[in-house]
1. Tell me which of Leu62, Ala109, Ile22 sits at the most positive position along the dipole axis of the chain, charges placed on C-beta atoms (Lys, Arg +1; Asp, Glu -1).
2. In degrees, nearest 10, range 0 to 90: what is the angle between the Cα axis of helix 107-120 and the longest Cα principal axis of the chain?
3. Helix 52-69: angle to the longest alpha-carbon principal axis of the chain, degrees 0 to 90, nearest 10?
4. With Rg and Dmax of the Cα atoms in Å as the read-out, I listed (i) 22.8, 64; (ii) 18.5, 64; (iii) 19.6, 72; which label goes with the value calculated from this structure?
5. Using the Cα centre of the chain as the reference point, and only Cβ charges (+1 on K/R, -1 on D/E), how large is the resulting charge dipole? Debye, rounded to the nearest 20.
6. Less than 24 Å apart at the alpha-carbon level, and either on another chain or at least 8 residues along: which lysines does that give for Lys90?
7. On a 0 to 90 degree scale, rounded to 10, what angle separates helix 26-44 from the longest Cα axis of the chain?
Amino acid sequence: MLRTFIIALTLAATPAYALVPINENPEIRAKLLQGFIGDAIADNCPTIKARTMKALGELNNLRDFALKQGYEASVVRAFVTSKDEKAKFKVEAAEWLKAKGAEPGNTAAYCTIGEEEIAKGTLAGSLLRSTK
């Protein structure tokens, strides 16, 4: 009886190894969203430029993270090249920026948010450089 209880307790304490779909992984989503936010800022603010090599490095780090989590390389590649996923992230980034006051045509708002993100050292900010 005690032995059965210990085995049951051990099994209950061991998490089941099941990956969520890659597009639902919170850490992967959060980091990709930051990249799309940075990209939108760089596209809409003339005094902020994208740090392309830094962005590529972060994307490689994210790929490595996904592979270590157990996602297959083909799944990772399909996710980051999916036009549907890119469109969703662009919408989400636009919503995030809109909540902060940035909308297409409001260059000053994009620049202000970009400068704030750079100053705060966020992931989005680290992907940008100010040319002021």
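1. Leu62
2. Orientation of helix 107-120: about 50 degrees from the principal axis.
3. Around 10 degrees separate the two axes.
4. Entry (iii).
5. Values: 18 positive and 15 negative charges, 53 e Å.
Taking the Cα centre of the chain as origin, the dipole is about 260 debye.
6. Here the lysines satisfying the reach criterion relative to Lys90 are Lys31, Lys49, Lys54, Lys98, Lys100, Lys120.
7. 10
Coordinate-derived values only; no laboratory data. Predicted model only: the values in this text are computed from it and were never measured. Reconstructed Cβ throughout: ideal geometry from the backbone, glycine too, with neighbour counts over all protein chains shown.
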